[in-house]
Amino acid sequence: MIAKHTVQCVNKVAAYLNSLAEDKARSALAKCCGAQRWVDELLAARPFTSDAALLAHAERAWWALGREDWLEAFQDHPRIGERTAEEWSRREQAGVDTAAAATRAALARENVAYIERFGYLFLTCATGKTAGELLGELRRRLGNDPATELRIAAGEQAKITRLRLEKLVAP
């Protein structure tokens, strides 16, 4: 009985996405990742046999995309520390809410420096991180060369996407 229950719980995301009409599935996937080609690839791959298959396909599809697709996905996010109405982003950046005004101001300044250096906003998987940790990471990554930083930002988007896929069925 426990094994059957575990399988049902483990495969909730795949079952949910498989059950949706295409327009609803497109909308759900777009909440997870703003790259249109990624969404199209995941839609074309349905039905998924399990959550593990879904997550593996999502990862492969992400890394098969190019720079422009990645930048499209990055644009779907607010700046770290920026107030947003989008619930997932608010929760992911909750560590900034209680930050001191000086830390928030430093995040705003460093975000501008990052955009000037790389041409896109600073992207990191902010879940569970404090404002100080985010600021430290932003400052460290400002020293990266553009090619290295793009790969790091893409990796952070992959983490965010995975968490958001799992959130599709979270209560």
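The values are calculated or read from the model by the stated rules, or taken from the named source; none is laboratory data. The model shown is predicted, which means the values in this text are computed figures rather than measured ones. Heads up, the Cβs are rebuilt from the backbone with ideal geometry, glycines too, and the neighbour counts pull from every protein chain shown.
Of all residues in the stretch 85-120, those being over 19 Å from the mean Cα position of the chain (by Cα), among the β-branched types (V, I, T), at pLDDT 80 or above and exposed (fewer than 15 other Cβ atoms within 10 Å of the Cβ) number 1.
Considering each residue of the stretch 139-158 in turn, none proves to be assigned to a helix (DSSP H, G or I) and at pLDDT below 95.
Evaluation of K24 against the conditions (1) at pLDDT below 95; (2) surrounded by fewer than 16 Cβ atoms within 10 Å (Cβ to Cβ) shows that the sole unmet condition is (1). Residues that are closer than 15 Å to L168 by Cβ, hydroxyl-bearing (S, T, Y) and free of Cβ contacts under 8 Å to residues at least 60 places away in the same chain occur in the stretch 22-39; there is at least one.
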